[in-house]
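The structure appears right after this line, and notes come after that.
The values are calculated or read from the model by the stated rules, or taken from the named source; none is laboratory data. Please read these numbers as outputs of a predicted model, since none were measured by experiment. No Cβ is skipped: glycine too gets one built from the backbone with ideal geometry, and neighbour counts run over all protein chains shown. These accessible areas exclude ligands, DNA and RNA; they are computed on the full protein's heavy atoms, side chains included. Shrake-Rupley method; radii C 1.70, N 1.55, O 1.52, S 1.80 Å.
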Amino acid sequence: MPQISPNPRTDLAQLSLEQKAALLSSQDFWSTRPLEEPGLPSVVLTDGPHGVRRQVGEFDHMGIYESLPSTCFPPAVAVGSSWDPEVAARIGAAVGREARALGVHVVLGPGVNIKRSPLCGRNFEYYSEDPLLSGHLGAAHVRGQQEQGVGASLKHFAVNNQETDRMRVSADVDERTLREIYLPAFEHVVTEAAPATVMAAYNKVNGVHAAQHHRLLTEVLRGEWGFTGAVVSDWGAVHDPVASVRAGLDLEMPGPAPENTRRIVEAVRDGELDESVVDTAVRRVLGLTEYVVEQSTGFDADAHHRLARELATECAVLLQNDDGVLPLAPGQRIAVVGEFAVSPRYQAGGSSHLNPTRLDNALDAMRESAAGRGDSVEFAPGFALDGSGDAESLRADAVALARSSDVAVVFAGLAESEESEGFDRDTLRLPAVQVELIRAVAAVAARTVVVLSNGGVVSLEGWHDEVDAVLEGFLLGQGGGGAIADLLFGEANPSGRLAETIPLRLEDNPSFVNFPGEQGHVRYGEGVMVGYRWYGTTGTPVRHPFGHGLSYTTFTARDLSVRATGDDSAHVSVTVTNTGDRAGKHVVQIYVATEAGPVRRPARELRAFTKVRLEPGESRTVGFDLGRRAFAHYDVQDARWAVAPGDYLVQLGENAATVIDEVRVSLAGDAVAQELTLESTFGEWVEHPVVGSTVLRELAAALPEDQGSRIGDRPELLQAVRDVPMKRVVGLAEGNVLDETLERLMARTRAAE
């Protein structure tokens, strides 16, 4: 759907200043103010993004009060691991259909914030630690949803990566890191999918509240990216309504906000705020009425539940599978252990908490699947989620069951009380009672499989090497129980890949020493080295790398081909073959590595991916066009994206840590030569592409013979002054004998630029 435009039926001249200012906040918790005279209706917004949280009674933003039943699809943490934009698009479309049926015009989501720390309490609502993956999945979701006539709200803009002190904390981040890590996903969704709205975050960015950040909301979002929709605040994120409107915020949520309306009116009358700015914001808010279309009669809840189950199978990640214990062979005695098997953890707490239309549990689904295979499925809870009950007795019963079985399947993870919007975690460890259960079962069972349910990654240390298989389900939505049964019994082939790294230790994470900050500030000291970029660059070992995931079949990738298609672009192709005995899906991952240019680059960065379904023995060649941004870094000196001339390695990765093949490509890059000044360092002078080769010779010629002849005799002195501004270096010479020479050289660099 194209971006919305101001409604032509709206004549703002008919409205008073007070009326216009009032339109900049909603009429209640979820809906905008209508305009009866021109016939403009109220627009209903509600929480998402993996379902529709439509409240019709008491309202809240934290999922406390009940909402109408809707399908709970896999949350973003799971969709991220699908590495499949089609999965995201199908969820977006289904959410759009349900929103139409429930009278909702804008569903809040998707969230594309980066998983900077695995402790972030809201990581379940975000896709990945990588902006390329997040951006492509987010854009697919927006397109799918808006094709149904329901607007999306891209969130949380920007640099919103923690829950601790989230209403006040200042995310202090340098410009290159902002541009390369924390903005690209938003940029991609805005420029490729045109969301109806963008939601301004709670936090500050470099000391300025995101909801009143003129540079982000107006200069970057609208000026650079061309966004024409409405900017809405996160619920309660507006601190200064006048500053927010001036910065580019259009709609304060929730309302009504009579005091803020009064302040806006007074600011206009006092000359502090131009009325044209108010008019522009009002037009954007009223433009959202284009999404108020005829409400549909309902949605097919059964079909959507089947879809939720199908898509959930695409999202789970098979982390470990020793000796092919999975899929489970028929005719076995299966011990199902763990309370999560009957009390599924399928979504997280907070504003996206849904009231599902129905809910599968894994135990029932496994028994249904096992009925025709000759399997027996017995259950022991093993532990209590609320801590009640005799832990030793529950564990003993589970161990006894596991001992008498052919295979034990242990369901473990995090309860909703242990991760939610509103607070961050303080550990990656599973609860001790679950770790003890896993180890006790593994000690007696012939084979042990662990199925995990968690919104953020958990540590596998202390038990990983004692079990045979690990299936990471993350949060799979209301059909997750059935999806897990499909995967365990081989009715579906796992194809998920990790969208975030699982470290060996929390202390290994690059944000560890700075997260979640102190005294109102959190310093993004790791810069661009976020997630796998850090682990790969520093050589820090991990338990499972970004991009890791196993299958029940095998694949080979060969014939990697790379050819430059311009000074700053290339085409890549690779042939993938299913060498196993069952159909499956493989994720092709293309990374780029380089040492070209003036900045430190990560060891490699994801630059393209696709998910390919292949029958046994089938081959397919896939191609990728790597544009300028695949090779660029953000040049903070020139405030632009730059492609440095030089060599780039295009790498085919099994994951971020394992390179299968690589091809070197040389790019001419940008021919722009920076102008030299006397403030430029000696090193910048001698390395300049235009004059660098002649600097030493021309300086020597301009100096007296006894000085000039010795200028190149002391390389250690030249190295010592490498980072010294040229004006300080030449100040060591007597008189102004070098002035004319330096001015001539500087003029040559100005001409080249």
(request) Among the residues of the range 368-386, write down those that are open to solvent by 60 Å² or more (accessible area, probe 1.4 Å) and of a type in the set (A, V, I, L, M). (result) Ala371, Leu385
(request) Quick one: which strands (runs of 3 or more DSSP E) lie wholly within the range 618-670 and hold at least 1 residues that are in contact (Cβ under 8 Å) with a residue 24 or more places away in the chain and within 13 Å of Ala596 (Cβ to Cβ)? (result) 633-635, 640-642, 646-653, 659-667
(message) Which count do you get for residues in the range 198-221 that are over 18 Å from the mean Cα position of the chain (by Cα) and either among the polar types (S, T, N, Q) or surrounded by fewer than 17 Cβ atoms within 10 Å (Cβ to Cβ) (or both)?
(response) 8
(message) Restricting to the range 85-111, and then to whatever is over 20 Å from the mean Cα position of the chain (by Cα) and basic (Lys, Arg), can you tell me which residue is farthest from Gln295 (Cα to Cα)?
(response) Arg97
(message) Which numbered condition in (1) aliphatic (A, V, I, L, M); (2) touching a strand residue (DSSP E or B) at 6+ places or on another chain (Cβ under 9 Å); (3) touching a residue at least 60 places away in the same chain (Cβ under 8 Å) is the only one that Leu506 fails?
(response) (2)
(request) Just give me the residues in the range 15-32 being open to solvent by 50 Å² or more (accessible area, probe 1.4 Å) and either touching a helix residue (DSSP H, G or I) at 6+ places or on another chain (Cβ under 6 Å) or more than 19 Å from Leu102 (Cβ to Cβ) (or both), in sequence order. (result) Glu18, Gln19
(request) Please state which of the following conditions Gly482 fails to meet, knowing it meets all the rest: (1) outside any helix (DSSP H, G or I); (2) buried (at least 24 other Cβ atoms within 10 Å of the Cβ). (result) (1)
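Can you name the residue in the range 222-236 that is surrounded by fewer than 24 Cβ atoms within 10 Å (Cβ to Cβ), within 27 Å of Ala140 (Cβ to Cβ) and touching a residue at least 40 places away in the same chain (Cβ under 8 Å) and, of all such residues, is nearest to the chain's Cα centre (by Cα)?
So in the range 222-236, the residues surrounded by fewer than 24 Cβ atoms within 10 Å (Cβ to Cβ) come out as 222-226, 228, 235-236.
Okay, now just the ones that are also within 27 Å of Ala140 (Cβ to Cβ), so 222-226, 228, 235.
Narrowing further to those that are touching a residue at least 40 places away in the same chain (Cβ under 8 Å): 228, 235.
On the way: Thr228: 23, Trp235: 21 Å.
Out of the qualifying residues, it is Trp235.
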(request) Those residues that are at pLDDT 90 or above and part of a loop (DSSP other than H, G, I, E, B), I need them from the range 32-47; list them, please. (result) Thr32, Arg33, Pro34, Pro41, Ser42, Val43
(message) Name the residue that is farthest from Ala380 (Cα to Cα), counting only residues in the range 403-422 that are at pLDDT 95 or above and not in a loop (DSSP other than H, G, I, E, B).
(response) Gly413
(message) If the requirement is being surrounded by 24 or more Cβ atoms within 10 Å (Cβ to Cβ), over 23 Å from Tyr291 (Cβ atoms) and in contact with a Phe, Trp or Tyr (Cβ under 9 Å, 6 or more places away or on another chain), which of these qualifies: Ser82, Ser70, Ser117?
(response) Ser117
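Looking at this structure, is Ser459 buried (at least 22 other Cβ atoms within 10 Å of the Cβ) and hydroxyl-bearing (Ser, Thr, Tyr)? Walk me through how you get there before you give the answer.
Values: buried (at least 22 other Cβ atoms within 10 Å of the Cβ): no; hydroxyl-bearing (Ser, Thr, Tyr): yes.
Answer is no for this residue.
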(request) Report, ordered by the first and then the second residue, all pairs with beta carbons closer than 8 Å, sequence separation of six or more or different chains, a first member in the range 442-461 that is farther than 26 Å from Val77 by Cβ, and a second member that is open to solvent by 20 Å² or more (accessible area, probe 1.4 Å) and in a loop (DSSP other than H, G, I, E, B). (result) Ala446/Asp406; Arg447/Asp406; Arg447/Asp468
(request) Return the pairs, sorted by first residue and then second, in which the second residue is crowded, with 17+ Cβ neighbours inside 10 Å and of a type in the set (D, E, K, R), the first residue lies in the range 593-613 and is under 13 Å from Val650 (Cβ atoms) and in contact (Cβ under 8 Å) with a residue 40 or more places away in the chain, the beta carbons are less than 7 Å apart, and the residues are 6+ apart or on different chains. (result) Ala593/Arg604; Thr594/Arg601; Glu605/Arg533; Leu606/Asp130
(message) Condition check: open to solvent by less than 50 Å² (accessible area, probe 1.4 Å), in a loop (DSSP other than H, G, I, E, B), of a type in the set (Lys, Arg) and under 30 Å from Pro49 (Cβ atoms). Does Arg345 satisfy that?
(response) yes
(request) Could you tell me which residue of the range 563-587 is farthest from Gln651 (Cα to Cα), considering only residues that are surrounded by fewer than 21 Cβ atoms within 10 Å (Cβ to Cβ) and among the hydrophobic types (A, V, I, L, M, F, W, C)? (result) Ala583
(message) Yes or no: the range 538-552 includes at least one residue that is buried (at least 22 other Cβ atoms within 10 Å of the Cβ), within 23 Å of Ala630 (Cα to Cα) and aromatic (Phe, Trp, Tyr).
(response) yes
(request) Might you check whether a residue that is in contact with an Asp or Glu (Cβ under 6 Å, 6 or more places away or on another chain), closer than 21 Å to Gln347 by Cβ, open to solvent by less than 10 Å² (accessible area, probe 1.4 Å) and modelled with pLDDT of 95 or more occurs anywhere in the range 523-537? (result) no
(request) Name, by its number, the condition in (1) assigned to a strand (DSSP E or B); (2) under 28 Å from Asp165 (Cβ atoms) that does not hold for Arg425. (result) (1)
(request) Considering every residue within the range 620-632, establish whether at least one is out of contact with any Ser or Thr (no Cβ under 9 Å at 6 or more places or on another chain), at pLDDT 95 or above, closer than 30 Å to Pro503 by Cβ and open to solvent by less than 10 Å² (accessible area, probe 1.4 Å). (result) yes
(request) Pull up the range 252-305, narrow it to residues that are among the hydroxyl-bearing types (Ser, Thr, Tyr) and either outside any loop (DSSP other than H, G, I, E, B) or open to solvent by less than 30 Å² (accessible area, probe 1.4 Å) (or both), then point me to the one that is nearest to Leu35 (Cα to Cα). (result) Thr289
(request) Say whether the condition of being touching a Ser or Thr at 6+ places or on another chain (Cβ under 8 Å), over 28 Å from Arg166 (Cβ atoms), open to solvent by 60 Å² or more (accessible area, probe 1.4 Å) and in a loop (DSSP other than H, G, I, E, B) is met by at least one residue in the range 553-562. (result) yes
(message) Suppose the filter is out of contact with any Leu (no Cβ under 8 Å at 6 or more places or on another chain) and free of Cβ contacts under 8 Å to residues at least 60 places away in the same chain; does Gly271 pass it?
(response) yes
(request) Specify which of the listed residues (Leu498, Leu475, Leu471) is in a strand (DSSP E or B) and under 25 Å from Pro74 (Cα atoms). (result) Leu471
(request) For the range 239-248, name all the residues that are surrounded by 24 or more Cβ atoms within 10 Å (Cβ to Cβ) and without any contact (Cβ under 8 Å) to a residue 60 or more places away in the chain. (result) Ser244, Gly248
